[in-house]
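Each remark here refers to the structure printed beneath this line.
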Amino acid sequence: MLFYEPFFALFVAPAFYALYLAINNRAAAKKSALIVASVAFYTWGEPLFVPIVIVSTAVDYWLSQRMALSSSQTARRAFITVGILLNLGILVFYKYVGFLAENLNLLLGPLAGTQLPILQIALPIGVSFVVFEKISYLVDVYRGTTKPACTILDYSLFVFLFPKLLAGPILKYHEMERQFADPAKVGWTDFQEGFLRTARGMAKKILLADPLGAFADRVFAADATTLSSTDAAVGLVCFALQIYFDFSAYSDMAIGLARTLGFRLRENFNMPYISRSLTEFWRRWHISLATWIRDYLYIPLGGNRSGEYRTYINLWICFLASGIWHGASWNFVLWGAYNGLFLSLDRMFLLKFLDRIGNFGATVITLLIVTFGWAIFRTTSVEHLAAFTGALAGLSPRMVDVDMQADVPLTLAIGLFLCLLPATPLFAPLQRAYNESRLLQGLAALAILVLWVLACGRAFAVPFKPFIYFRF
Amino acid sequence: MHAANLTGLVSLRHLMIAALLLLPLLTLWNLAIAAYAPKLIVAFGPRLRGVTEAREPIDWSLKALADGSLQRAISDAITEANPARPLLIRFSNSSRKRLFGIYGAPGVIEGADGHLIEKPYLDEYCSRDLDALRERASTWIPKLKELQDFYEARGKTFLYVITPSKVAHLPEKFISLVHCPSREQDRREHLPLYNRMLTEAGVRVLDLASLTHGLKGRYEVDLFPMGGVHWNQLGVAHAVDRLIVDLNRLKGPDFARRLAWTYEITDRPKGEDTDLFDLVNLMFARPRYSTPVVHYRMKRPCSEFGSASTKVALIGGSFTGEFGRVLLEEGCLLRLERYNYLYRSFHAGPGMKTVRKNLKPGDIEPVRDYDLVILEENEMLIGASRHAPEFHRVILGR
């Protein structure tokens, strides 16, 4: 069940919200309602995976209680190790077993003379987010950053809360503890701001990300050796915008829905395409993952406290982990390494250089680095990446045009405008005017409302494929 | 206004709860009532036009739950029952048309002067190739001959009819829209070659496509409507009359009633003249273009004609709808039965109302004994339609 589907947006969400408002004064009832709704929501999409998450949540809770009660550091270390291994085990089993087996077969097959079976395991949606959040809880309790959840219901709510369940933002337990222990009463402002945020997300996803994604899909599905450099470049830019609008839209919907329920989640994106270096980009892009990696991997590895070379190694480890977190493929590993490389270069000299050349040049160079990174991310194999890079450079031997839907050029222009406007001098006065004018705020809200209606219409219209007769 | 408003002021909270529940409750009402009293379905805005793929009944098994098909089926059913769906789809379609010039129905595109067409017609016209036609026809024509021989051996009449394509009639409105690689000669010679091959094989054919194309420019309006894919009432009138001429030649001069008509031009098209326009499901849009309305002026009663008591089967596609009705009501083929795409629906009686849907081969077998059988194919699907070869298979059992 996706937030922008009419089934959710115009049936499940309003019905549940009516119930939630009816029990707005009763925190315990709201918690129970949220847990039931969240488990039902996840069961709807992943009926076979939910029992595993429920059991694993109970195990986490038990381990955290034991950790809190234990005075022995060895025992605490054993509990946290078991907890992390169990959670990583879930992730590895569902996400990486096939990839590992394929690569082990390639590596050892000729020597061993036998092949490991490649298990066809369906990847449960949201597994990477759920596992990282659960690990954050265990580590927070281990470090003493937070006490264990008072009840298993509080912890279950942290794990299952449906707005963030499928695609984040990745919550850290210590940041959310109080909100889950005592869910706030929902006010009119919560509803208004939450709804507008959700509506904005739906509009971004359906009206911008999807049409751009449709063209990007065609370009990346085409034989890269036949692509013209223009098609390859436009397809890549479409993908860069698609991934931003798609992912940030989902974060908007998650943050907005949570807000309507009285929860405040941290921001996950902050105008990433105006960044003036890759280091800045990673402070603005998927913030919850970047900060999770910083808090739970980079800092434990020593961060930048153990000398220059160790810092580079730590950066590479973190970005390789980030790459492989996105998916089980060598392209993601390569993408992680690519980011690690540029972050290391930033520390060596690139940041200083980008500072010297001014904002415009720095933003353009950063955009180029990030956009080529998306080519690594989006291509399906290293061979595909090589051919696609050749196409970008105009080296394709044959040229075949990729059909562009009529809605792509205008959507692309709007997408670029929205992404890059904050980098222009126009943005600050516009933002000031907006903050100071209730009329502008009202007009913006009205515009979002109209766009939401359009997005709902589009969500209904896409699967509606009428024809006159059963003709052909 | 903060938390107090939704918690303290009971009336506002209740109002909001009621507003939130409105759409889900109306959706559930629509779901519950759809099968028993479809007239009571609540919908905002005009109903949506066009056929969609029939939905499978919901499978309530655990297996369906595990693979997600149960959830998808429930989600689809609830989505379709949403009363806001027609209005929102029309709003979305109109916005996309205005912003991007894209229509909401798959494959519908706009040519010059606002003429609409479905892309497969354009694709066929732009890929015409005489060699490919020869190859296809050489497989198909012997089957047509077998059908004709079968009926003639029983003392019955079989007639093969070709209906026109809008793109072939008005290519200038469309071929600039797409890459159109077919050669001018291949497009022009398509029907003449097929007719020659049919005649050489001894198949009796009535080429209503060439007849219609030959009438181009004779009237102040085209013979295809701007917002429709099928021939208009004038096109139908000419085609039916020409068929009656042929039938009278075959079965006697007073077999069927010749047509006489007058026509007027209206700018309020309806029915088949707006089929594509309706399909794109726009909001607040009324079709406004010139189209002829034909008034038939026949004097002799049907009882004077042999066709009134002759069992006739008309097997064909969408072009046989209005064509069949005029043939029955004005041409006096009173016992004409129409098999729409062979199995899809069965029509008979005044107005050619739908009698049954989703026919089986067993429903077609009695057509073996009909006195007159008319098999239609559109020129865009010569030898490639589904209904014609299937009719051959059912009738001849091979």
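The values are calculated or read from the model by the stated rules, or taken from the named source; none is laboratory data. Please read these numbers as outputs of a predicted model, since none were measured by experiment. We place every Cβ from the backbone using ideal geometry, glycine too, and count neighbours over all the protein chains shown. Just the protein is used for accessible areas: all its heavy atoms, side chains included, with ligands, DNA and RNA removed. Shrake-Rupley method; radii C 1.70, N 1.55, O 1.52, S 1.80 Å.
Brief remarks follow.
- Here B:Gly107 meets the list (1) in contact with a strand residue (DSSP E or B) (Cβ under 6 Å, 6 or more places away or on another chain); (2) open to solvent by 50 Å² or more (accessible area, probe 1.4 Å) almost entirely, failing just condition (2).
- B:Val161 meets the conditions (1) in contact with a strand residue (DSSP E or B) (Cβ under 6 Å, 6 or more places away or on another chain); (2) closer than 30 Å to B:Trp29 by Cβ in every case but one. The failed one is (2).
- Scope segment A:2-45; condition among the basic types (Lys, Arg) and in a loop (DSSP other than H, G, I, E, B); matching residues: A:Arg26
- Residue that is farthest from the other protein chains (Cβ to nearest Cβ) [pool: residues in segment B:44-61 that are surrounded by 13 or more Cβ atoms within 10 Å (Cβ to Cβ) and out of contact with any Leu (no Cβ under 8 Å at 6 or more places or on another chain)]: B:Pro46
- Residue match in segment B:361-375 (condition: assigned to a strand (DSSP E or B), open to solvent by 30 Å² or more (accessible area, probe 1.4 Å) and in the same structural domain as B:His392 (by TED's automatic domain parsing)): no
- All positions within segment B:292-309 that are hydroxyl-bearing (Ser, Thr, Tyr), open to solvent by 10 Å² or more (accessible area, probe 1.4 Å) and out of contact with any strand residue (DSSP E or B) (no Cβ under 7 Å at 6 or more places or on another chain): B:Ser303, B:Ser309
- Answer from A:Leu227, A:Leu207, A:Leu257, A:Leu265 - the residue that is closer than 25 Å to A:Leu10 by Cβ and more than 17 Å from the chain's Cα centre (by Cα): A:Leu207
- Residue count for segment B:310-343, restricted to those that are crowded, with 22+ Cβ neighbours inside 10 Å, aromatic (Phe, Trp, Tyr) and either out of contact with any His (no Cβ under 7 Å at 6 or more places or on another chain) or assigned to a helix (DSSP H, G or I) (or both): 2
- When A:Tyr244, A:Tyr250 are checked against the criterion of being open to solvent by 10 Å² or more (accessible area, probe 1.4 Å), in contact (Cβ under 8 Å) with a residue 12 or more places away in the chain, out of contact with any Ser or Thr (no Cβ under 7 Å at 6 or more places or on another chain) and under 30 Å from A:Met348 (Cβ atoms), A:Tyr244 stands alone in meeting it.
- Across segment A:211-236, the number of residues qualifying as in a helix (DSSP H, G or I), in contact (Cβ under 8 Å) with a residue 60 or more places away in the chain, surrounded by fewer than 19 Cβ atoms within 10 Å (Cβ to Cβ) and among the hydrophobic types (A, V, I, L, M, F, W, C) comes to 2.
- Being out of contact with any Asp or Glu (no Cβ under 8 Å at 6 or more places or on another chain) and more than 27 Å from A:Tyr96 (Cα to Cα) is a property that does not hold for A:Ile376.
- Verdict on A:Ala29 being without any contact (Cβ under 8 Å) to a residue 24 or more places away in the chain and within 23 Å of A:Pro183 (Cα to Cα): yes
- Residue match in segment B:299-309 (condition: in the same structural domain as B:Glu272 (by TED's automatic domain parsing) and assigned to a strand (DSSP E or B)): no
Condition check ((1) in a loop (DSSP other than H, G, I, E, B); (2) among the charged types (D, E, K, R); (3) crowded, with 17+ Cβ neighbours inside 10 Å) across all residues:
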{"residue": "A:Glu383", "(1), (2), (3)": "no, yes, no"}
{"residue": "A:Gly390", "(1), (2), (3)": "no, no, yes"}
{"residue": "A:Pro397", "(1), (2), (3)": "yes, no, no"}
{"residue": "A:Val400", "(1), (2), (3)": "yes, no, no"}
{"residue": "A:Gln405", "(1), (2), (3)": "yes, no, no"}
{"residue": "A:Pro429", "(1), (2), (3)": "no, no, no"}
{"residue": "A:Cys456", "(1), (2), (3)": "no, no, yes"}
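- Among the candidates A:Leu91, A:Leu2, the residue that is under 19 Å from B:Thr27 (Cβ atoms) and either at pLDDT below 90 or among the basic types (Lys, Arg) (or both) is uniquely A:Leu2.
- Segment B:209-224 - residue that is farther than 12 Å from B:Ser165 by Cα and in a loop (DSSP other than H, G, I, E, B) and, of those, most open to solvent (accessible area, probe 1.4 Å): B:Arg218
- When each of B:Ile315, B:Ile395 is tested for being in contact with a strand residue (DSSP E or B) (Cβ under 8 Å, 6 or more places away or on another chain) and among the β-branched types (Val, Ile, Thr), the lone residue that passes is B:Ile315.
- Here B:Leu243, B:Leu282, B:Leu259 are screened, and the one residue that is part of a helix (DSSP H, G or I) and in contact (Cβ under 8 Å) with a residue 40 or more places away in the chain is B:Leu243.
- Residue ID - nearest to the chain's Cα centre (by Cα), chosen from residues in segment A:57-72 that are at pLDDT 90 or above and open to solvent by 90 Å² or more (accessible area, probe 1.4 Å): A:Trp62
- Filter result for A:Gly358 (surrounded by fewer than 18 Cβ atoms within 10 Å (Cβ to Cβ) and farther than 27 Å from A:Lys95 by Cα): yes
- Considering segment A:164-175, and only residues there that are open to solvent by 10 Å² or more (accessible area, probe 1.4 Å) and of a type in the set (A, V, I, L, M), the residue that is nearest to the other protein chains (Cβ to nearest Cβ) turns out to be A:Leu166.
- Where A:Trp452 falls short, out of the listed (1) among the aromatic types (Phe, Trp, Tyr); (2) open to solvent by 70 Å² or more (accessible area, probe 1.4 Å); (3) within 14 Å of chain B (Cβ to nearest Cβ): (2)
- Scanning segment A:123-156 for residues that are within 22 Å of the chain's Cα centre (by Cα), at pLDDT below 90 and not hydrophobic (A, V, I, L, M, F, W, C) gives A:Pro124, A:Gly126, A:Ser128.
- Selection count where residues are more than 14 Å from chain A (Cβ to nearest Cβ) and either open to solvent by less than 20 Å² (accessible area, probe 1.4 Å) or modelled with pLDDT of 90 or more (or both), scope segment B:279-291: 3
- Taking the criterion of being β-branched (Val, Ile, Thr) and within 14 Å of another protein chain (Cβ to nearest Cβ), the residues of segment B:102-157 that qualify are B:Ile102, B:Val108, B:Ile109, B:Ile117.
Residue-by-condition table, conditions (1) among the basic types (Lys, Arg); (2) within 14 Å of chain B (Cβ to nearest Cβ); (3) free of Cβ contacts under 8 Å to residues at least 12 places away in the same chain:
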position: A:Leu111; (1), (2), (3): no, no, yes
position: A:Pro117; (1), (2), (3): no, no, no
position: A:Lys134; (1), (2), (3): yes, no, no
position: A:Arg143; (1), (2), (3): yes, no, yes
position: A:Ala149; (1), (2), (3): no, no, no
position: A:Val159; (1), (2), (3): no, no, no
position: A:Phe162; (1), (2), (3): no, no, no
position: A:Trp188; (1), (2), (3): no, yes, yes
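- If the condition is being without any contact (Cβ under 8 Å) to a residue 60 or more places away in the chain and hydrophobic (A, V, I, L, M, F, W, C), then segment A:317-338 contributes A:Ile317, A:Cys318, A:Phe319, A:Leu320, A:Ala321, A:Trp330, A:Phe332, A:Val333, A:Leu334, A:Trp335, A:Ala337.
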